[in-house]
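Enquirer: The structure that follows is given in the form of structure tokens.
The values are calculated or read from the model by the stated rules, or taken from the named source; none is laboratory data. Everything quoted here is computed from the prediction, not taken from an experiment. In this analysis, Cβ positions are derived from the backbone assuming ideal geometry, glycine residues included, and neighbour counts consider all displayed protein chains.
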Amino acid sequence: MNERQDATRNLMQRAHDTDPEQPEFDTAAGLADLYQRAARLETMPVAEYRPVTSALWDRNAVASSPGFGITLDTGASEPRVVVTGELDLLTSPQLQEALAGLIAEKRSRRVVADLTGVTFFDSSALNVVLHAQRQAGEQDVALEVVPSPAVSRMLELTRQSKNLEPVAHAGMSMTSPQHQGHTGAGRVATPSGWPARVAVVCTALDVEYAAVRRHLTEPLAEREVRGTLYEIGTFPGRPGLWTVVLVETGVGDTAAGIALERAISVFSPQVVLSVGVGGGRKDVALGDVVVADTIYEYDAGRDTAEGYLPRVRTHAASHRMVQRARAVARHGRWQRRIRQTTGLDREPAAIIRPLAAGGTVIADPRSPTAQFVHRHCSDAVAVEMEGHGFLRSAYFNDRIDALVVRGISDLLDKTESADKYWQPLASDHAAAFAFETLACHTPTPHT
């Protein structure tokens, strides 16, 4: 538990000690605690509910909250509260006061809570929003919540989405059919592309990171989660705008798996991509792109008196993503996204075939590891180091489309001088293919 969680627990306990009607904070209760609070709030009269007593609101703690900000726009025809950063027990009272004031003033029949910049949203913040919804209903005011992925995930987990009727977007006219006859029920606004399309892209090397970053629209936001640094930008896909979260994991499948699991828990993506370089074994040339339909982990095995017994493990990429990658490779338009001059006398090719992943850098095709891969993973066209851990992490998360894309930077004949030339080129080709695939892909919706 980090310092911020400790502070939240302590403040919640202080609230309960001061006011026994306040719910106790029970970390072990998990989602059951959230369900109970939400269900209790649905039937609680507004006059009886006090989300957080103002006496316990530590303004100094709020001021030191990293990245937190709240802005009121009362000059517009529809008053708006814009929140950025983390909404929890330390900061949600500010949202509570802002919404209560705008609803009570009745300047408009609609109040908008713009939470698209919220990166963390806990049960105390959820209680504030649901309380404001009930208050708005009693005042004949419509409350619209424009959610970020973090907010949407909480609404889904606590099954509160059904109580906040979806609308098209936050800029909807009050004369639209959805608003005519509206009497103050809460709504969740869903702007085009947010948060319906969120992708996380993992890279192992800085050269791969730079190649991916060039495809994102500036400016990029920065977010730190438990020491891991993410950059967040946008990318215009054909079905709609993608929000893309970029992270450099470092080398190795363990680091890749941990980084992806953390990113999934924070950003709730529909698509996860691992983009980088690999070494070609057969059927590929320098600069080509390999998309893994299957990845073999060749490191696993059992060492006995009779000898080493390999236990090659296998993970498959998402069927939908593999199908989309095959279509992108067939159509042959992905090369238009290449940002660097290739210097090749041909267009790079893209194939969908198996990859082999392990913790050893194979620098010579005659090496023992290269020969081991040849014997036990003979249909793998290339080798790399992060794909198996990446796909294994994605496997444990339902309804996430995962894909591993590798540009060929060597043919198992690695040298430092060759890497300086071919790694940037191969990274650029892999990123071009990955973003063409993302541009054409329609994500699996969270249900």
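Condition check ((1) assigned by TED's automatic domain parsing to the domain that holds residue 404; (2) within 26 Å of residue 207 (Cβ to Cβ); (3) assigned to a strand (DSSP E or B)) across all residues:
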site	(1), (2), (3)
285	yes, yes, no
292	yes, yes, yes
296	yes, yes, yes
299	yes, yes, no
308	yes, no, yes
330	yes, no, no
336	yes, yes, no
339	yes, yes, no
352	yes, yes, yes
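Enquirer: Mind checking which residues of region 356-402 are touching a residue at least 12 places away in the same chain (Cβ under 8 Å) and of a type in the set (D, E, K, R)?
Expert: If the condition is that a residue be touching a residue at least 12 places away in the same chain (Cβ under 8 Å) and of a type in the set (D, E, K, R), then 364, 379, 384, 386, 392, 399, 401 are the ones that fit.
Enquirer: To continue, here is another question. Within region 363-380, which residues are among the hydrophobic types (A, V, I, L, M, F, W, C), surrounded by fewer than 22 Cβ atoms within 10 Å (Cβ to Cβ) and part of a loop (DSSP other than H, G, I, E, B)?
Expert: Applying the first criterion (among the hydrophobic types (A, V, I, L, M, F, W, C)) to region 363-380 yields 363, 370, 372-373, 377, 380.
Those still in the list that are surrounded by fewer than 22 Cβ atoms within 10 Å (Cβ to Cβ) too: 363, 370, 372.
Hit for region 363-380 is 363, nothing else.
Enquirer: Can I ask one more? Given the criteria part of a helix (DSSP H, G or I) and crowded, with 24+ Cβ neighbours inside 10 Å, does residue 427 qualify? Give the derivation first.
Expert: Numbers: part of a helix (DSSP H, G or I): yes; crowded, with 24+ Cβ neighbours inside 10 Å: yes.
So residue 427 fits the description; yes.
Enquirer: Give just the number: which of (1) modelled with pLDDT of 95 or more; (2) crowded, with 16+ Cβ neighbours inside 10 Å does residue 206 not satisfy?
Expert: (2)
Enquirer: Tell me which of these residue 353 doesn't satisfy, since it passes every other one: (1) charged (D, E, K, R); (2) more than 20 Å from residue 317 (Cβ to Cβ); (3) surrounded by fewer than 21 Cβ atoms within 10 Å (Cβ to Cβ).
Expert: (2)
Enquirer: Same structure, new question: Cβ-Cβ distance below 9 Å, separation of 6 or more or different chains: which pairs start in region 112-123 with a residue that is in contact (Cβ under 8 Å) with a residue 12 or more places away in the chain and closer than 13 Å to residue 232 by Cβ and end on one that is assigned to a strand (DSSP E or B) and basic (Lys, Arg)?
Expert: Pairs found: 119/223.
Enquirer: Is it the case that residue 297 is in contact with a Lys or Arg (Cβ under 6 Å, 6 or more places away or on another chain) and either among the polar types (S, T, N, Q) or over 23 Å from residue 443 (Cα atoms) (or both)? Break it down stepwise before answering.
Expert: Working: in contact with a Lys or Arg (Cβ under 6 Å, 6 or more places away or on another chain): yes; either among the polar types (S, T, N, Q) or over 23 Å from residue 443 (Cα atoms) (or both): yes.
In short, yes.
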